[in-house]
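A.B. asks: Below is one structure. I have some questions about it.
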Amino acid sequence: MSRIKQVLRCYAAGKGSKTTADLLDISRNTVRKYISTFNQSGKTLEEILTMDDASLLALFKEDPAKNKTLPHRK
């Protein structure tokens, strides 16, 4: 699952930006950027989560090399 989708799932679950950033090992600014872009997109969470990776990266204006799937933590 892409990093963007992971951030949005945490957001939908009510987790704050600091908690989300810590859980996903990314910066709080990245979390805020994704949430802001999501809110401005006018799309529902379901619409975003069903998007293919190329469409998702285009919507969020992300470089595919920087948005690799994160490994599961143990």
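Nothing in this text is a laboratory measurement; each read-out follows from the coordinates by a stated rule. A quick note: this is a predicted structure, and the numbers were derived from the prediction, not measured. Reconstructed Cβ throughout: ideal geometry from the backbone, glycine too, with neighbour counts over all protein chains shown.
A.B. asks: Given the peptides 40-53, 13-26, arrange them by the average over their residues of other C-beta atoms within 10 Å, most packed first.
C.D. replies: Working: 40-53: 12.4, 13-26: 14.3.
Top to bottom by mean Cβ count within 10 Å: 13-26, 40-53.
A.B. asks: Given a cut-off of 19 Å, name the pairs among 15/61; 5/43; 33/61 whose C-alpha atoms lie farther apart than that in the structure shown.
C.D. replies: On the way: 15/61 24 Å; 5/43 13 Å; 33/61 11 Å.
As for pairs spanning more than 19 Å Cα to Cα, those are 15/61.
A.B. asks: A further question follows. Taking 0.36 nm per residue of separation and subtracting the Cα-Cα distance, what length does fully extending residue 25 through residue 47 add?
C.D. replies: Numbers: separation 22, 0.36 × 22 = 7.92 nm, distance 2.51 nm.
Full extension from residue 25 to residue 47 adds 5.4 nm.
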